[in-house]
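Engineer: I'd like to ask some things about the structure below.
The values are calculated or read from the model by the stated rules, or taken from the named source; none is laboratory data. Note that this is a predicted model, so its numbers are computed, not measured. Methodologically, a virtual Cβ is constructed for each residue, glycine included, from the backbone with ideal geometry; neighbour enumeration extends over all protein chains shown.
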């Protein structure tokens, strides 16, 4: 199989995440997209992070179609969620399948600072979507300058994103719900669990 791996805090997951995941599935002809909520993201400050259980449950609601597999691999491992460790585990589980690690443009430009980037490239093809005019060219330039010997392990393409972020949703949850930027089931889950309640009361 051709398996995509899409990790993130998903705090909360939203329609922008889903659009990006579906775009990657189409562009890369993937058989399956794994959605992996992080335990503790190593590249982000996360003072208002919902519990792992809540983020996992929201992902299961948002990515409910059969083409998605929501995994708790990083939540079970606990500690900081380093991509190389996750890919090593997945390679053991899927020894004969092709892995594609997918991300947004902002993350690719810092790829050289990640833990064991060369090992990541050994384990998976790294795929990124340019989100702005000219950004795809910048991403390709980054790959050429940083990894000229491994260009075949990168895929970069243009993408017209849905302009929304989890940070914005946590700040303006009512407006996000009114604009249908959150899946209906996730909206219900947030309200039932009282997540981001301080914002909802504003």
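Engineer: Would you be able to tell me the number of residues in the range 95-110 that are closer than 18 Å to residue 9 by Cβ and outside any loop (DSSP other than H, G, I, E, B)?
Structural biologist: Within the range 95-110, residues that are closer than 18 Å to residue 9 by Cβ and outside any loop (DSSP other than H, G, I, E, B) number 8.
Engineer: On the basis of being within 24 Å of residue 18 (Cβ to Cβ), surrounded by 18 or more Cβ atoms within 10 Å (Cβ to Cβ), free of Cβ contacts under 8 Å to residues at least 40 places away in the same chain and under 13 Å from the mean Cα position of the chain (by Cα), does residue 102 make the cut?
Structural biologist: So residue 102 fails the test.
Engineer: What number goes with the only condition from (1) under 26 Å from residue 64 (Cβ atoms); (2) outside any loop (DSSP other than H, G, I, E, B) that residue 180 does not pass?
Structural biologist: (2)
Engineer: Separate question: Given 65, 92, which one is modelled with pLDDT of 95 or more and assigned to a helix (DSSP H, G or I)?
Structural biologist: None of the other options fit; the residue is 92.
Engineer: Are any residues in the range 149-163 farther than 17 Å from residue 28 by Cα and outside any loop (DSSP other than H, G, I, E, B), and if so, which ones?
Structural biologist: Listed by number, the residues that qualify are 149, 150.
Engineer: Could you list, in sequence order, the residues of the range 127-154 that are at pLDDT 85 or above and closer than 24 Å to residue 62 by Cβ?
Structural biologist: Once the filter is applied, which keeps residues that are at pLDDT 85 or above and closer than 24 Å to residue 62 by Cβ, the range 127-154 yields 127, 128, 129.
Engineer: A further question follows. Output the residues belonging to the range 115-148 that are in a loop (DSSP other than H, G, I, E, B), closer than 28 Å to residue 85 by Cβ and free of Cβ contacts under 8 Å to residues at least 60 places away in the same chain.
Structural biologist: Scanning the range 115-148 gives 116, 131, 147.
Let's see how each residue does on (1) farther than 17 Å from residue 104 by Cα; (2) part of a loop (DSSP other than H, G, I, E, B); (3) in contact with a helix residue (DSSP H, G or I) (Cβ under 7 Å, 6 or more places away or on another chain):
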| position | (1), (2), (3) |
| --- | --- |
| 26 | no, no, no |
| 49 | yes, yes, no |
| 54 | yes, no, yes |
| 58 | yes, no, yes |
| 69 | yes, no, no |
| 75 | yes, no, yes |
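Engineer: Among the residues of the range 166-178, count how many are loosely packed, with under 15 Cβ neighbours inside 10 Å and either closer than 22 Å to residue 21 by Cβ or without any contact (Cβ under 8 Å) to a residue 12 or more places away in the chain (or both).
Structural biologist: Total satisfying the criteria: 3.
Engineer: Still on this structure, I have one more. Please count how many residues of the range 28-48 are at pLDDT below 95, surrounded by fewer than 19 Cβ atoms within 10 Å (Cβ to Cβ) and touching a strand residue (DSSP E or B) at 6+ places or on another chain (Cβ under 7 Å).
Structural biologist: 2
Engineer: Could you tell me whether any residue of the range 75-84 is over 15 Å from the mean Cα position of the chain (by Cα), free of Cβ contacts under 8 Å to residues at least 12 places away in the same chain and either more than 23 Å from residue 163 (Cα to Cα) or surrounded by 21 or more Cβ atoms within 10 Å (Cβ to Cβ) (or both)?
Structural biologist: yes
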